[in-house]
Amino acid sequence: MSQWSQVQQLEIKFLEQVDQFYDDNFPMEIRHLLAQWIESQDWEAAANNEAMAMILLQNLIIQVDEQLDRVSQEKNLLLIHNLKRVRKLLQGKYHGNPMHIAVIISNCLREERRILAAASMPVQGPLEKSLQSSVVSERQRNVEHKVSAIKNSAQMTDQDVKYLEDLQEEFDFRYKTIQSLEQNDKNSALIKQEMLALQAMLNTLDYKRKEVLSKIGRVIHEIDMLMSNMLTEELLDWKRRQQIACIGGPLHGGLDQLQNCFTLLAESLFQVRRQLEKLDELLTRLTYDGDPIPVQRPQLLEKVNFLLYNLFRNSFVVERQPCMPTHPQRPMVLKTLIQFTVKLRLLIKLPELNYQIRVKATIDKNVSTVSNRRFVLCGTHVKAMNMDESANGSLSVEFRHLQPKEMKTSAGSKGNEGPHMVTEELHSISFETQVCLYGLTINLETSSLPVVMISNVSQLPNAWASIIWYNLSTNDPQNLSFFNNPPAATLSQLLEVLSWQFSSYVGRGLNSEQLNMLAEKLTGQQVSYNDYQLSWAKFCKEHLPGKSFTF
C-alpha cells in the first residue's frame, strides 16, 4: 500500500494535520494524482543536487501533462482548470530554483511518515501534546480577530479625520466671509448672528478634535495591548515549535498567519501616523485656547513610533535555521568549509520594502568568552530581502553559499580540545539590517538558534546530540553557555524525540516495547519513564555498561 493510501485511512485529527502542510507551494491534488510516482523518486537527494532536482522538476511537469491529457478526454473541467494552474505554478516558481520544490516535497513526505508513526503510537507524546494545545489555537483566533478589529477602527478614524478637515475648511470659509463683512459694519445684526454661528462651529471643531484624538489613542492602546500580550506569546510559541521541528517534531506552521497580523498592525500604525500628520497640518491652519492637538499629538506620535520600532524588531525572524544541504535532517550542525543555507523573513510585508533591505550575516558577533575557537563566514554574506525568491511571496532572503572557516589563533589554542568540548561549544549566526521607511530609521538584528561547529564528520553524532539536548531542554534562543551546566531532561520527552529520529529515517516511529528497551539502555534499569530525569552525562558522555561507547 502506498504511503498516501495509508494517510487517507487516518483518523480525522491526523488528516487535519496533513491538511496544514499542503498549500499552493505543493498542492494536494498533485500529491493525490501522482502518489506512487512521487513516492518512487528520491526527493531528499534532489534537495541537495541542483541537476537532479531540475530533472525531477521536468519529469514532474511531464507527469502533470499526462494527467492533463487524461482529464481533458474525460472533460473534467474543474480538474483541467486546477492542473493548468499547477503546471503554471511549477514552471513559474521553481524553474530558477528546482531544489526548492525538492525540499518541499521531501518535507511533506517526511511529515506524512511522522504523522503515520504518531497515529500508530499507543499514546501521543508529551511534546507533541503541548504543541497542539486548544488554548494555543484559541489564542491564534483571538489575535487574528483583534488585528482585524484594529484595522477597521483605524480605517473608521480616517473618515473622522476627513470629516474634521471638511468642517475646518467650512469654518475657514465662513471666518474669511465675516472678516470681509466686518469692514463695512461691525455692529450689524447679521455680523453678530454670524459670529454666534462661528463660535458654535468652533465648539464643534474642538469637540471633534478631542473625539478624533481619543479614537486614535484607543487604537494605539489596543495595538499596544495586543503586541505586549497575545502577539508576543504567538511569536514565542512559533519559535518554540520551530525548535521542536528542528529535532524531528511536527512541521511548524503559522508563520504566514503571523506575517498577516504583523503586516496589518504595521499598516494600521502607519495609518494612525498619517492621521496625526494631518492633525498637525490642520493645527498650522487653525489653533485656539484649549486646543487639544498641540498637547496630545506629540505624545501619541511618540507612542506610535515606539510601537513601530518594536513591531519591526520582533518581525525579523530566522524562518529556516542554518543547515548543511548534505545533512538536511541535522540542522544547526555546521562543518567548517562546507556550505550551509539559512533563510530569514521580515513579517511586515510592505511593497515599499522590496529589494530595499540589505541583510548582513556574521558569526559570534557579540560573543567573546564562550569558546577559544574563532570563526568567520566566507561566501556571499550580504543580500537584499525580496518578495520574488520565496514561493509564497514573503519578504525574505536566503543565504545559500555561506561557509564557516576557523581562524588561526595563538599557538596551541586550535585543535587541542577534546571531542566533547568541541561539540558542546555553541555558536551563533547573527543577522543585521536597517529599515528606512516614511522618515523612520530602524536597526534590526536577529540570530539563529545556537549551532555546533565541527571540523570532521566523525564529530557529527556528538554534535547532533548537543543540538537535541539544547532544543529539548530550553526555549532560550541564545544561551551559548548552556553546556556549562546542562539541565537534566525528562526521559519521556527524550524517548519521544528518539522516536521522531527513527521516523524521519525509516518512516515509522518506535513502539512501546522498543521505547522501553531504549529506556533500559539509558538508565541501566527498568523504570517508569514518565517522570524520570536523565542527565546529559548519562546521554552523551558516560559509556554504556560494558561498552566502549556512549548512548
Selection status of L286, modelled with pLDDT of 95 or more, in the same structural domain as S148 (by the TED database) and out of contact with any His (no Cβ under 6 Å at 6 or more places or on another chain) | no
How do the pairs read when you match residues in the stretch 277-294 that are touching a residue at least 24 places away in the same chain (Cβ under 8 Å) with residues anywhere that are not in a helix (DSSP H, G or I), using Cβ under 9 Å and keeping only pairs 6 or more apart or on different chains?
-> I293/T287
Scanning the stretch 302-331 for residues that are farther than 23 Å from I429 by Cα and open to solvent by less than 60 Å² (accessible area, probe 1.4 Å) gives V304, N305, L307, L308
Answer yes or no as to whether S148 is under 25 Å from L264 (Cβ atoms), surrounded by fewer than 17 Cβ atoms within 10 Å (Cβ to Cβ) and modelled with pLDDT under 95.
-> yes
The condition from (1) among the acidic types (D, E); (2) in contact with a strand residue (DSSP E or B) (Cβ under 7 Å, 6 or more places away or on another chain); (3) farther than 21 Å from R240 by Cα that E277 misses is numbered (2)
Picked from the stretch 11-38 (must be modelled with pLDDT under 90 and outside any helix (DSSP H, G or I)), the residue most open to solvent (accessible area, probe 1.4 Å) is E11
Top-ranked residue of the stretch 295-332 - restricted to ones that are assigned to a loop (DSSP other than H, G, I, E, B) and aliphatic (A, V, I, L, M), ranked as farthest from A47 (Cα to Cα) = M332
Scanning the stretch 446-498 for residues that are touching a Ser or Thr at 6+ places or on another chain (Cβ under 7 Å), open to solvent by 20 Å² or more (accessible area, probe 1.4 Å) and small (G, A, S) gives S447, S455, A488
What single numbered condition from (1) part of a helix (DSSP H, G or I); (2) at pLDDT 95 or above fails to hold for A245?
-> (2)
Quick one: I363 ticks every box in (1) surrounded by fewer than 21 Cβ atoms within 10 Å (Cβ to Cβ); (2) modelled with pLDDT under 95 bar one, so which box is it?
-> (1)
Can you name every residue in the stretch 153-187 that is open to solvent by less than 30 Å² (accessible area, probe 1.4 Å) and either modelled with pLDDT under 90 or touching a His at 6+ places or on another chain (Cβ under 8 Å) (or both)?
-> I178
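Okay, residues lined up against (1) open to solvent by 50 Å² or more (accessible area, probe 1.4 Å); (2) in a helix (DSSP H, G or I); (3) touching a residue at least 40 places away in the same chain (Cβ under 8 Å):
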{"position": "V71", "(1), (2), (3)": "no, yes, no"}
{"position": "L78", "(1), (2), (3)": "yes, yes, no"}
{"position": "H81", "(1), (2), (3)": "yes, yes, no"}
{"position": "L89", "(1), (2), (3)": "no, yes, yes"}
{"position": "G92", "(1), (2), (3)": "yes, yes, no"}
Please state which one of M201, M225 is in contact (Cβ under 8 Å) with a residue 24 or more places away in the chain, of a type in the set (A, V, I, L, M, F, W, C) and either closer than 25 Å to R274 by Cα or assigned by the TED database to the domain that holds F262 (or both).
-> M201
Complete set of residues in the stretch 446-484 that are of a type in the set (F, W, Y) and free of Cβ contacts under 8 Å to residues at least 60 places away in the same chain | Y470, F482, F483
Looking at (1) in a helix (DSSP H, G or I); (2) surrounded by 15 or more Cβ atoms within 10 Å (Cβ to Cβ), find the lone condition where L190 falls short.
-> (2)
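A quick yes/no check of all residues on (1) farther than 30 Å from M201 by Cα; (2) not aliphatic (A, V, I, L, M):
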| position | (1), (2) |
| --- | --- |
| L251 | yes, no |
| L282 | no, no |
| G290 | no, yes |
| I293 | no, no |
| K303 | yes, yes |
| N310 | yes, yes |
| H327 | yes, yes |
Among the helices (runs of 4 or more DSSP H) confined wholly to the stretch 445-546, which include 1 or more residues that are within 30 Å of N310 (Cα to Cα)?
-> 460-473
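Rundown of residues vs (1) in contact (Cβ under 8 Å) with a residue 12 or more places away in the chain; (2) under 23 Å from V304 (Cβ atoms), yes/no style:
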position: F173; (1), (2): no, no
position: S188; (1), (2): no, no
position: A197; (1), (2): yes, no
position: K210; (1), (2): yes, yes
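The values are calculated or read from the model by the stated rules, or taken from the named source; none is laboratory data. Please read all numbers here as calculations on a predicted model, not as lab measurements. Cβ coordinates were reconstructed from backbone atoms using ideal geometry, including for glycine residues, and neighbour counts include every protein chain displayed. Surface accessibility is based on the protein's heavy atoms, side chains included, excluding ligands, DNA and RNA. Shrake-Rupley method; radii C 1.70, N 1.55, O 1.52, S 1.80 Å.
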